[in-house]
Every structure is written in structure tokens, then in C-alpha cells.
Amino acid sequence: MEVRTDAGLVTLSARCAIAFGHKIALASLDADQPVIKYGEEIGRARTAIHGGDWIHLHNVTCRRGHEDQE
């Protein structure tokens with residue numbers, strides 16, 4: 001698939017089946033790097049994530065909405 005980003009056109013293949021409406025990594029991330037969606041940090045990578053990976057709770061830590069639980 002091809003995706004147009006601020007950095008240009010990105011070509012990637014999904015590394016697994018990803019349901020409609022779920023997120024896909026456009027580039028690889030190291031563990032603890034921020035996961036950005038629409039210019040906002042939505043969490044941090046729990047483990048290394050490769051371009052084309054499914055982005056979801058199994059590989060992203062999110063504090064949004066849990067700030068009062070620290």
C-alpha cells in the first residue's frame with residue numbers, strides 16, 4: 001500500500017491481518033519511542049515495532065486517561 005505523509009510517499013506491506021479502523025506502523029520504532037497519530041503522541045512503543053506492524057495494546061503503552069492512577 002502507499003500512504004502519503006508529511007515526509008512524502010511511504011510504501012509498505014502489512015505484516016499481519018489488520019482490521020479496518022486499526023493502526024499500522026508507517027515506520028519502525030524502537031522500544032519506548034513515541035507512537036504518533038495525527039501529530040499527537042498516543043502512547044509509547046512497549047517493544048520494537050516494524051513498519052507494517054499492527055499498532056495496538058499488545059505493543060503500545062498509553063497513559064492517556066490514566067494520569068490520576070500514577
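Answer yes or no: is there a residue in the stretch 27-46 that is among the hydroxyl-bearing types (Ser, Thr, Tyr), without any contact (Cβ under 8 Å) to a residue 60 or more places away in the chain, at positive phi and not in a helix (DSSP H, G or I). Spell out how you get there, then give the answer.
The initial filter retains those residues of the stretch 27-46 that are among the hydroxyl-bearing types (Ser, Thr, Tyr), namely 28, 38.
From the residues that got through so far, the ones that are without any contact (Cβ under 8 Å) to a residue 60 or more places away in the chain too are 28, 38.
Narrowing further to those that are at positive phi: 38.
From the residues that got through so far, the ones that are not in a helix (DSSP H, G or I) too are 38.
Yes: one or more hits.
Return a yes/no flag: does the stretch 6-20 have any residue that is of a type outside the set (A, V, I, L, M), open to solvent by 80 Å² or more (accessible area, probe 1.4 Å), within 12 Å of the chain's Cα centre (by Cα) and modelled with pLDDT of 90 or more. Show your work before the answer.
Taking the stretch 6-20 first, the residues of a type outside the set (A, V, I, L, M) are 6, 8, 11, 13, 15-16, 20.
Narrowing the set further to residues that are open to solvent by 80 Å² or more (accessible area, probe 1.4 Å) leaves 6, 11, 13, 15, 20.
Still in the list and also within 12 Å of the chain's Cα centre (by Cα): none.
No.
When the stretch 31-48 is examined, which residues are found to be among the charged types (D, E, K, R) and either at pLDDT 95 or above or open to solvent by 90 Å² or more (accessible area, probe 1.4 Å) (or both)? Talk me through it step by step, then tell me what you get.
Within the stretch 31-48, the subset among the charged types (D, E, K, R) is 32, 37, 40-41, 44, 46.
Across the stretch 31-48, the qualifying residues are 32, 40, 44, 46.
The values are calculated or read from the model by the stated rules, or taken from the named source; none is laboratory data. A quick note: this is a predicted structure, and the numbers were derived from the prediction, not measured. Note: ideal-geometry Cβ built from the backbone for every residue, glycine included; neighbour counts use all protein chains shown. Quick note on the areas: whole protein, heavy atoms, side chains included, nothing else; ligands and nucleic acids left out. Shrake-Rupley method; radii C 1.70, N 1.55, O 1.52, S 1.80 Å.
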